[in-house]
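The values are calculated or read from the model by the stated rules, or taken from the named source; none is laboratory data. The model shown is predicted, which means the values in this text are computed figures rather than measured ones. As a convention, Cβ positions derive from the backbone with ideal geometry for all residues, glycine included, and neighbour counts pool all protein chains shown.
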């Protein structure tokens, strides 16, 4: 795994609001904040990063569509998210929740154009 580069949730939230958030910053944040997901490989973390970045892009109007799993995550639909998640995303579900809880602006669902 790569060297951990500490990045605060507050800094990521500010970058989200100003539409300056990058995939690398999300990767660094996720690596530093692994909990039960410590068994995820770097490749698997990159997949989670890509999905978190897709949610960010959706919320700032850069993309107009989320897949059914990510839409369920955004909608706080636990049953829908579990039912739509592949094995990796089932293992990483709490990482998505922590990322959105700690990093996403409180109105991120209302920001999409």
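Out of 80, 61, one residue alone is assigned to a helix (DSSP H, G or I), over 15 Å from the mean Cα position of the chain (by Cα) and either buried (at least 19 other Cβ atoms within 10 Å of the Cβ) or without any contact (Cβ under 8 Å) to a residue 60 or more places away in the chain (or both). It is 80. Applying the criterion of being in a helix (DSSP H, G or I) and in contact (Cβ under 8 Å) with a residue 24 or more places away in the chain to the residues of segment 4-26, the residue that is surrounded by the most Cβ atoms within 10 Å (Cβ to Cβ) is 26. The single condition from (1) more than 23 Å from residue 43 (Cα to Cα); (2) in a loop (DSSP other than H, G, I, E, B); (3) in contact with a helix residue (DSSP H, G or I) (Cβ under 9 Å, 6 or more places away or on another chain) that residue 66 fails is (1).
For segment 34-58, the tally of residues that are modelled with pLDDT under 95 and over 15 Å from residue 91 (Cβ atoms) stands at 0.
Counting only residues that are assigned to a helix (DSSP H, G or I), exposed (fewer than 12 other Cβ atoms within 10 Å of the Cβ) and more than 16 Å from the chain's Cα centre (by Cα), segment 83-113 holds 2 of them.
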